[in-house]
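Following: one structure in structure tokens, then a few remarks.
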Amino acid sequence: MINVDELRLNELEEAAEFLKFTWVDTYSHFLSQATIQKMTDFWLNTELLKKQVLDPDILFLSAKDDSHKIVGMLTVIKLDKETALLARMFVHPEKQRRGIGMRLLNEAIERLRGYKKMRAEVEEKNTRGMNFCLKQGFKEIETKRELVEQALMYITVLEKTLGSQPR
Ligand SMILES: CC(C)(COP(=O)(O)OP(=O)(O)OC[C@H]1O[C@@H](n2cnc3c(N)ncnc32)[C@H](O)[C@@H]1OP(=O)(O)O)[C@@H](O)C(=O)NCCC(=O)NCCS
């Protein structure tokens, strides 16, 4: 059984390890090892993750299996009162295509009651991420290029309309 809940402060080390592992799995076929190293050092240190867990405008969910091991993770940033950004979402490669990603996304949407839109930014070579988002009802709204740690990223910006229940 999979349990989805907010990440706790005593899980930061495990979360950072999980995210580094899944980052490499996702991006190593189109980003250099040096770029991945710089990005993961910058984005996935426990101090930054702690700030995100404590930030009321950030929703940080983890999915755990029966042995309480993290198998999936999602971060959503509330950009304003209507729009949230799916900033990070990873499922362990050995546990993909079992509905865990969908579970995490639906839990996040449930907790974003009143929000009208969710945005996602996916590198165009990340076919798993792109296919997942399109399947979940995200629609492409624009493409952009970004230079991140000297790597040129081709980003597709997608948006999904959320339910309009009052908050
Ligand atoms: C994207 C990701 C989080 C999806 O997690 P998941 O648990 O495998 O997704 P689900 O099992 O809930 O998939 C739901 C549906 O999305 C689609 N989908 C998911 N992964 C897919 C893939 N690799 N190829 C094609 N379609 C895919 C399918 O339609 C799937 O339903 P189905 O299995 O019944 O056909 C996972 O592939 C991952 O961690 N990828 C690397 C990180 C990443 O790309 N993050 C960015 C997401 S914005």
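Readers should treat all values here as calculations from the given coordinates under stated rules, not as data from a laboratory. Predicted model, so just to flag it, every value in this text is computed and none were measured. Quick reminder, even Gly has a Cβ in these numbers, built from the backbone with ideal geometry, and neighbours come from all protein chains shown.
Plugging the Kirkwood radius over Cα pairs into Stokes-Einstein for the stretch 94-167, at a temperature of 10 °C and a viscosity of 1.306 mPa s, what D comes out in µm²/s?
Values: Rh = 13.6 Å.
Result for D is 117 µm²/s.
Are any of the pairs Lys117/Lys139; Lys95/Lys139; Lys20/Lys64; Lys50/Lys117; Lys81/Lys125 more than 23 Å apart by Cα-Cα distance, and if so, which?
Cα-Cα > 23 Å for Lys95/Lys139; Lys50/Lys117; Lys81/Lys125; rest within.
List the extent of the Cα atoms of the stretch 1-93 along each of their three principal axes, largest first, rounded to whole Å.
Here the spans come out as 35, 35, 22 Å, largest first.
Hey, what did the chain get for relative contact order, percent, Cα under 8 Å, at least 6 apart? Present the calculation step by step, with values, prior to reporting the outcome.
Values: 271 pairs, mean separation 32.9, N = 167.
In percent, rounded to a whole number, it is 20.
Using unit Cβ charges (K, R positive; D, E negative) and no other charged atoms, how large, in debye to the nearest 20, is the dipole of the chain about its Cα centre? Please list the in-between numbers first.
Numbers: 27 positive and 26 negative charges, 120 e Å.
I would put it at about 580 debye.
Give the aspartates and glutamates reachable from Lys116 as a straight Cα distance under 18 Å; neighbours fewer than 8 places away on the same chain don't count.
Asp57, Asp80, Glu82, Glu107, Glu140, Glu159
Percent relative contact order of the stretch 49-114, based on C-alpha pairs within less than 8 angstrom and at least six residues apart? Intermediate values should be presented prior to the final figure.
Values: 86 pairs, mean separation 16.6, N = 66.
Result for the stretch 49-114 is 25 percent.
Suppose each label sits 7 Å from its Cα in the direction of the beta carbon; what would the Phe21-Glu47 distance come out to in nanometres?
It is 2.6 nm.
Describe numerically, in nm with one decimal, the distance between label points set 7 Å from Cα along Cα→Cβ at Asp66 and at Leu134.
Taking the simple label geometry, Asp66 and Leu134 are separated by 3.6 nm.
Taking only Cα atoms of the chain, what ratio of Rg to Rh do you get with Rh as the Kirkwood inverse-distance radius?
The Rg/Rh ratio comes out at 0.94.
Tell me, what is the FRET efficiency for Asp80 and Ser32 to the nearest 0.05, using R0 = 30 angstrom and their Cβ-Cβ distance as r?
Working: r = 35 Å, r/R0 = 1.17.
Computed FRET efficiency for Asp80 and Ser32 comes out at 0.30.
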